[in-house]
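First up is the structure itself, then whatever we jot down about it.
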Amino acid sequence: MAQTNLSQTSMGHREGFGSTLGVIAATLGSAVGLGNIWKFPYVTGENGGAAFILIYLLFASLIGLPVMISEFIMGRRSNAASVGAFKRLAPGTPWFLTGISGVIVAFLIMSYYTSVAGWVYAYIFKAMSGGLLTTDPKVSEQAFTGFISGVWSPLIWQWIVLLVTGAIILAGVKKGIERITKMLLPVLFLLLIVCVIRAVTLPGASEGIAFLFKPDFSKITGATILAAMGLAFFKLSVGMGVMTTYGSYIGKSESLFSTGVKVMLADTCVSMLAGLAIFPAVFAFGFTPDKGASLLFMTIPMVFNSMPFGGFFLTIFFILASIAATGAMISLFNTPVAYLNEELGWSRKSATVVTGLMMALIGSTATLSNSILANFKLFGMTMFDLFGYATDNIMMPLTGLIIALFVGWRLSKYDVADELSNGGSLNNRTFVKFYLIAVRFVAPAAIIVVLLSGLGFFQFLK
Ligand code: PHE
């Protein structure tokens with residue numbers, strides 16, 4: 001495996017990843033997270049199952065992947081994080097505002113993501129104490145709703161999450177991200193497989209399997225399609241510049257295309273495994289798939305409780321889930337920090353502390369949406385839902401659109417081909433052609449149509 005050290009091979013002050021595996025593991029560390037085990041299943045559940053998944057897969061490959069590769073190109077070419085990348089590649093132009101919009105998106109995602117991560121952290125201890133050992137679906141449901149509708153406990157967990165993530169950020173990119181994810185993602189994968197085996201052998205599991213694999217397109221609406229596109233952006237961590245930052249760490253001898261494809265495939269596998277662990281259980285235990293944000297927390301304890309050593313495995317599951325969530329949060333938290341540090345010249349320490357405090361403040365409104373702020377709504381949504389909706393369905397697609405247009409039309413074809421082929425050493429001209437068609441035409445057109453129809457500007461579906 002090629003050992004590349006960016007700090008030696010190029011102009012950068014930036015710390016690079018050590019190997020091909022390191023690049024993929026670290027990038028997956030951002031992509032794999034609560035999106036796979038929490039959001040993917042619950043959004044799929046709300047949108048009718050298999051047909052939604054097919055549309056999601058289409059968007060992940062036709063929009064998510066090209067945008068991810070575009071971000072890699074920008075990052076590696078400029079050797080800078082998102083805002084800096086725009087500034088270096090198009091000096092003196094307003095393109096860098098796209099980078100700033102990405103910083104805001106990362107901040108808003110963190111505001112509700114830390115709330116859910118707090119539930120996951122707390123569930124480690126609940127599982128350990130045996131407090132989740134029940135085979136009664138009602139008890140499982142009440143345990144969760146009782147917990148999140150409290151005021152202090154969920155808030156304190158959210159702050160703990162922020163403290164942990166902030167501390168890792170201060171410890172440095174390479175040490176923090178690469179080591180943890182490299183070791184633990186395979187373990188998470190294995191545990192999910194154990195969980196899937198139990199779930200699909202539960203009595204009544206077949207309905208859940210059909211829900212995941214038998215598409216029924218009659219349930220698809222413009223809003224469903226928008227949700228599938230939003231999920232693709234969120235899942236792959238694209239449309240905010242996080243992947244630009246990762247691109248800047250990728251060594252000059254790595255293939256950006258194959259990195260992107262591997263990340264997308266591995267990420268999709270984890271989501272599907274989570275779906276296969278959760279939906280059979282949803283039907284077997286008599287829940288409904290449209291339970292929303294609580295789906296994971298109600299069903300997974302039940303699956304583990306119906307197997308030997310369930311309490312033990314459940315604890316390990318939530319430990320791994322917290323680690324995956326933390327990997328994703330590191331990349332989110334780091335986005336505003338990198339901006340304040342690299343563009344505005346703040347020290348890393350003050351950037352981290354101020355960002356963390358702001359996230360705690362704004363994020364509290366998301367956490368309290370399940371208790372004292374439950375009736376406080378903007379555009380008909382609680383703050384928790386609004387942060388998720390605005391970022392997934394509007395801000396990331398718009399930012400992704402501009403990133404695609406930037407790389408497709410503003411950068412020269414020669415530069416793009418040069419970056420994708422590692423200065424001509426990879427023989428991938430056909431791919432470069434397809435990629436250019438995707439970022440110039442397909443992805444932008446799809447984003448615009450899906451956005452406008454999903455937001456109700458016109459209707460091509462019911
Ligand atoms: N992709 C991450 C997840 O699925 C969330 C994320 C979104 C992380 C955007 C970074 C940027 O959990």
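With the other protein chains left in place, how much accessible area per residue, in square angstrom, belongs to segment 20-461 at a 1.4 angstrom probe?
Heavy-atom accessible area per residue stands at 37 Å².
For the ranges 111-118, 374-381, 450-457, what's the packing order if you count other beta-carbon atoms within 10 Å of each residue, average per peptide, and put the highest first?
111-118, 450-457, 374-381
Sorting check: for 43-53, 92-102, which peptide has the highest mean count of neighbouring beta carbons within 10 Å, and how do the rest follow?
Packing proxy ranking, top to bottom: 43-53, 92-102.
Ranked by accessible surface with a 1.4 Å probe, highest first, in what order do Asp415, Asp290, Asp392 come?
Asp290, Asp415, Asp392
Quick one: grab the alpha carbon gyration tensor of segment 285-418, order the square roots of its eigenvalues as a ≥ b ≥ c, and give me rounded if a/c is under 1.5, else prolate or oblate depending on whether a/b is larger than b/c.
It is prolate, given that a/c is not under 1.5 and a/b is the larger ratio.
Given a 1.4 Å probe and the protein chains all in place, what does the accessible area of Lys349 round to, in Å² to the nearest 10?
Lys349 exposes around 140 Å² with every protein chain in place.
Can you give the angle from 0 to 90° between the axis of helix 179-200 and the longest principal axis of the chain, with both taken from C-alpha atoms, to the nearest 10?
40 degrees
Quick check: at a probe of 1.4 Å, how many percent of the accessible area of segment 74-220 sits on carbon and sulfur atoms?
C and S atoms contribute 71 percent here.
Need one number: nm distance between label points at Lys377 and Thr201, each 7 Å from Cα along Cα→Cβ, rounded to one decimal.
My value for the distance between the label points is 4.5 nm.
Just to confirm the number: angle between the C-alpha axis of helix 20-31 and the first principal axis of the chain, 0 to 90 degrees, nearest 10?
50 degrees
Whole-Hz Karplus ³J(HN,Hα) for segment 357-371, in order, using 6.51 cos²θ - 1.76 cosθ + 1.60 and θ = phi - 60°, x for Gly and Pro?
Karplus values, whole Hz, x for Gly and Pro: 5, 5, 5, 5, 5, 5, x, 4, 5, 5, 4, 6, 4, 8, 9.
Evaluate the distance, in nm, between pseudo-label points positioned 7 Å from the Cα of Tyr414 and of Ala90 along their respective Cα→Cβ axes.
2.0 nm
In whole Å, what are the extents of the chain along the principal axes defined by its C-alpha atoms, from largest to smallest?
61, 49, 46
Pop a pseudo-label 7 angstrom from the Cα along the beta-carbon direction at both Ile394 and Phe458 and give the gap in nm to one decimal.
In this crude spin-label approximation the distance works out to 2.1 nm.
Helix-only estimate, please: 222 nm mean residue ellipticity of the chain, summing -39500 (n - 2.57) across DSSP H runs of length 4 or more and dividing by its residues, to the nearest 500.
-21500 deg cm²/dmol, from helical runs alone.
By accessible area of protein heavy atoms, probe 1.4 Å, what ranking do Glu71, Glu207 get, highest first?
Largest accessible area first, the list is Glu207, Glu71.
Over the chain, what is the mean sequence separation of C-alpha contacts under 8 Å (at least six apart), divided by residue count, expressed as relative contact order in percent?
33 percent
Can you bin every Cα-Cα distance in segment 222-331 into 10 Å intervals starting at zero and give me the percent of pairs per bin, rounded to whole numbers?
Going from the shortest bin to the longest, the percentages are 11, 34, 33, 17, 5, 0.
Report ³J(HN,Hα) in whole Hz for each residue of segment 130-145, in order, from the Karplus equation J = 6.51 cos²θ - 1.76 cosθ + 1.60 where θ = phi - 60°; Gly and Pro get x.
Result, rounded to whole Hz: x, x, 10, 6, 9, 10, 9, x, 5, 5, 4, 5, 5, 4, 6, 5.
Under a 5 Å amide H to amide H cut-off, with H placed in plane at 1.01 Å, what residues pair with Ala81 once short-range neighbours are removed?
Here the answer is none, since no amide H 5 or more places off falls under 5 Å of that of Ala81.
Cα-based Rg of segment 117-233 per 2.2 N^0.38 Å, rounded to two decimals?
1.41
What ranking do 322-334, 400-412 get when scored by the average of other Cβ atoms within 10 Å per residue, highest first?
322-334, 400-412
Net charge within 15 Å of Ala325 by Cβ-Cβ distance, Lys/Arg positive one each and Asp/Glu negative one each, not counting Ala325 itself?
Overall, the nearby charge balance is +1.
The values are calculated or read from the model by the stated rules, or taken from the named source; none is laboratory data. Treat the numbers as computed from the prediction; the structure is a model and nothing was measured. So basically every Cβ, Gly included, is an ideal-geometry build from the backbone, and we count neighbours across all protein chains shown. Ligands, DNA and RNA are excluded from the accessible area calculation, which covers all protein heavy atoms including side chains. Shrake-Rupley method; radii C 1.70, N 1.55, O 1.52, S 1.80 Å.
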